[in-house]
Amino acid sequence: MFGYLVVLVISAATYALFGLGLNLQWGFTGLINFGHVAFMTVGAYTTVLLSAQGVPMAIAVLIGAALAAILGLLIGLSTLRLREDYLAIVTIGVSELIRLVVLNEEWLTRGTFGVQGFPLPLANLNGDYKTNLMILSLLVLGLVFWGLEWLVKSPWGRVLKAIREDEQVAKALGKNVFWYKLQSFMLGGAIAGVAGAFYAWQSTTIYPSSFEPLITFNVWTMVVLGGAGSNLGTILGAVIFWGYDSLTRFVLPQIIQLDDARLGALRIMIIGLILMVLMVWRPQGILGKKEELTLGK
Amino acid sequence: MANNSHNPLNSASDESPNGNRQRLLEIQAQTANGSANTKARAETEPPRPALPPLLAASGLCKSFGGIAAVDNAEIQVAQGSITGLIGPNGAGKTTLFNLLSNFISPDRGRIIFDGEPIQSLPPHQIAQRGMVRTFQVARVLSRLSVMENMLLAAQKQTGENFWSVWWQAQQIQREERQLREQATAILESIGLAHMASAYAGALSGGQRKLLEMGRALMAQPKLILLDEPAAGVNPTLIKEICDRIITWNREGLSFLIIEHNMDVIMSLCDRVWVLAEGRNLAVGTPEEIQNNPQVLEAYLGQ
């Protein structure tokens, strides 16, 4: 039981981290990123492949985050000048592109065989590996949360929020909208890259199929559930999502007699339903501010 | 002060005594008596030829599809002036604004602002150089507070640089405190101080217009482009907006104003440019424009 809880906490922390990156892009800057998993893929593969070559773990993670940010730069340079729906289309395409590259460039990533046996952090420390990883993931999550809170409350964050509200106004007031969008997109991508490293460390093996588009939509669910534009809400969203996931994993089979595949589908149906109910009953998300919805544009 | 008698305001009100304009006049006279540095606007008419214009655009063209929205248009705003831009609906006034601020890039033409060509600069750089525009339908940042709307507008903030946020926390705090004081003062002058912490999206239409003007002022520009500041605003508030424009103009700020409300144009402006079908139709003092038969035909109609 304790072991399971540890895994649950790591999963929630990883996804919370992942969600914080998306929340910066969508919740604070208004950028629609439907390919968030691409950043995670780049971060995960870069970290494990570099550390397998003997690069120190911390440096490998930083390079992974940097490469994820560079991916953000490339996507951003080509699409952030366009209307927001183009960004949504391009990001979803890029995330599939990255996954297919990982799948096919076997010399680098071993393709469908996946990468196993890469170095893990804190592995030679005393105690249980997963417990150590849990503590590390919570520390990193705390650090990133604090950093983001600091940022979004600064004048820098004010510019992002202004862009979210109306980028023409930001432009008219002398803000370089394109550059700020790019910064937000890159930073959100870098955070997702770090989340990718934890994702790899937690599962200790990674396959291209671990980075399906579904992951992006799961994290969207968490951000919307918690309340877009609230960092705390994103973390809460991740906790609820994983809490729901494990609760239904164990409880549902005992109530309803169904085979595994159908049960899996039912669980997804229920979370979809919860999301729909929430959108009607509390469209701003759990921690979102109600009054913001009543405002005119 | 004697020079008030030459003021376009006076001559405008001679034509047709209008309550609104009259009230404005009185207020201007009152404030003028109180302050020593009243602009000697009337003595140099047309505005001092010695100074180059603050904004000068010529040969501006912009077509949308086959329609020439702006066709070889010209406009000038003298230093320290309030310049009007009028014309019938669809004359290309707002397009001209968009061209001047480069929200839409012109097909052809030259725009000189403060002595330098700006037609190829991106909009945010034009704003940074001191030319700030407002929008025809007031645009506020709804889910930001009124105060945040104001603070955003300040230029050259240290805290807007990603790295400075981390390394120069103290300086940023100091700047924020100063900006807050500045913003509070402006909000008081436009009567929105009590709304400072409310969401900007909760403001009424007229209050939004005021906030947009206050926000433009917060950027400490040299020139503000106002697109229909009086549209959809009740008469009392129109008067208030006009008062503010006059006060800020006395402090050295220039304005270029698009407006359909003739009382506002006639009472505020030193010079008026008339645009029709994308082309310049006339330019002159408000009374010249009012008596120009071409303008009467094209714009005032009868």
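The values are calculated or read from the model by the stated rules, or taken from the named source; none is laboratory data. All values reported here derive from a predicted model rather than from experimental measurement. As a convention, Cβ positions derive from the backbone with ideal geometry for all residues, glycine included, and neighbour counts pool all protein chains shown. For accessibility, only protein heavy atoms count, side chains too; no ligands or nucleic acids. Shrake-Rupley method; radii C 1.70, N 1.55, O 1.52, S 1.80 Å.
In the list A:V42, A:V55, which residue meets the criterion of being out of contact with any Phe, Trp or Tyr (no Cβ under 8 Å at 6 or more places or on another chain), under 25 Å from A:Y207 (Cβ atoms) and not in a helix (DSSP H, G or I)?
Step by step, each of A:V42, A:V55 is checked, and only A:V55 is out of contact with any Phe, Trp or Tyr (no Cβ under 8 Å at 6 or more places or on another chain), under 25 Å from A:Y207 (Cβ atoms) and not in a helix (DSSP H, G or I).
How about the range B:172-190: which of its residues are among the aliphatic types (A, V, I, L, M) and either without any contact (Cβ under 8 Å) to a residue 24 or more places away in the chain or open to solvent by 30 Å² or more (accessible area, probe 1.4 Å) (or both)? Quick ask: steps written out before the conclusion?
Quick first cut of the range B:172-190, residues among the aliphatic types (A, V, I, L, M) only: B:172, B:179, B:183, B:185-187, B:190.
Within the range B:172-190, B:I172, B:A185 qualify.
In the list A:T234, A:T204, which residue meets the criterion of being in contact (Cβ under 8 Å) with a residue 40 or more places away in the chain, more than 21 Å from A:G30 (Cβ to Cβ) and either open to solvent by 20 Å² or more (accessible area, probe 1.4 Å) or under 12 Å from the mean Cα position of the chain (by Cα) (or both)?
That would be A:T204, the only listed residue that is in contact (Cβ under 8 Å) with a residue 40 or more places away in the chain, more than 21 Å from A:G30 (Cβ to Cβ) and either open to solvent by 20 Å² or more (accessible area, probe 1.4 Å) or under 12 Å from the mean Cα position of the chain (by Cα) (or both).
Of the numbered conditions (1) in a loop (DSSP other than H, G, I, E, B); (2) under 30 Å from B:A193 (Cβ atoms); (3) more than 9 Å from chain A (Cβ to nearest Cβ); (4) among the aliphatic types (A, V, I, L, M), B:M147 satisfies every one except a single condition; which is it?
B:M147 satisfies every listed condition except (1).
From A:L187, A:L173, which residue is in contact with a strand residue (DSSP E or B) (Cβ under 9 Å, 6 or more places away or on another chain) and within 12 Å of another protein chain (Cβ to nearest Cβ)?
A:L173
Do we have any residue at all in the range A:137-151 that's open to solvent by 40 Å² or more (accessible area, probe 1.4 Å), polar (S, T, N, Q), more than 8 Å from chain B (Cβ to nearest Cβ) and in a helix (DSSP H, G or I)?
No, because not a single residue in the range A:137-151 is open to solvent by 40 Å² or more (accessible area, probe 1.4 Å), polar (S, T, N, Q), more than 8 Å from chain B (Cβ to nearest Cβ) and in a helix (DSSP H, G or I).
Checking the conditions here, which among A:T248, A:T205 is in contact with a strand residue (DSSP E or B) (Cβ under 9 Å, 6 or more places away or on another chain) and over 30 Å from A:A162 (Cα atoms)?
Working: A:T248 fails: in contact with a strand residue (DSSP E or B) (Cβ under 9 Å, 6 or more places away or on another chain).
From the options A:T248, A:T205, the qualifying one is A:T205.
Taking B:A169, is it within 9 Å of chain A (Cβ to nearest Cβ), open to solvent by 10 Å² or more (accessible area, probe 1.4 Å) and farther than 21 Å from A:I163 by Cβ? Explain how you work it out, then say what you get.
Details: within 9 Å of chain A (Cβ to nearest Cβ): yes; open to solvent by 10 Å² or more (accessible area, probe 1.4 Å): yes; farther than 21 Å from A:I163 by Cβ: yes.
In short, yes.
Kindly indicate the residue of the range B:243-295 that is farther than 20 Å from B:I190 by Cβ and of a type in the set (G, A, S) and also surrounded by the fewest Cβ atoms within 10 Å (Cβ to Cβ) among those meeting that condition.
Ranking the candidates gives B:G284 first.
Name the single residue that is modelled with the highest pLDDT among those in the range A:263-297 being open to solvent by 80 Å² or more (accessible area, probe 1.4 Å) and within 14 Å of chain B (Cβ to nearest Cβ).
First, the residues of the range A:263-297 that are open to solvent by 80 Å² or more (accessible area, probe 1.4 Å): A:268-269, A:273, A:276-277, A:280-281, A:289-291, A:293-294, A:297.
Applying the additional criterion that residues be within 14 Å of chain B (Cβ to nearest Cβ) yields A:289-291, A:293-294, A:297.
Details: A:K289: 71, A:K290: 66, A:E291: 65, A:L293: 60, A:T294: 58, A:K297: 53.
Of everything passing the filter in the range A:263-297, A:K289 is modelled with the highest pLDDT.
Can you find a residue in the range B:111-120 that is in contact with a Pro (Cβ under 8 Å, 6 or more places away or on another chain), within 25 Å of B:Q182 (Cα to Cα), more than 8 Å from chain A (Cβ to nearest Cβ) and not in a strand (DSSP E or B)?
no
Here's the yes/no breakdown for (1) more than 8 Å from chain A (Cβ to nearest Cβ); (2) assigned to a helix (DSSP H, G or I):
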| residue | (1), (2) |
| --- | --- |
| B:Q125 | no, yes |
| B:V132 | no, no |
| B:F135 | no, no |
| B:A138 | yes, no |
| B:L152 | no, yes |
| B:Q155 | no, no |
| B:W163 | yes, yes |
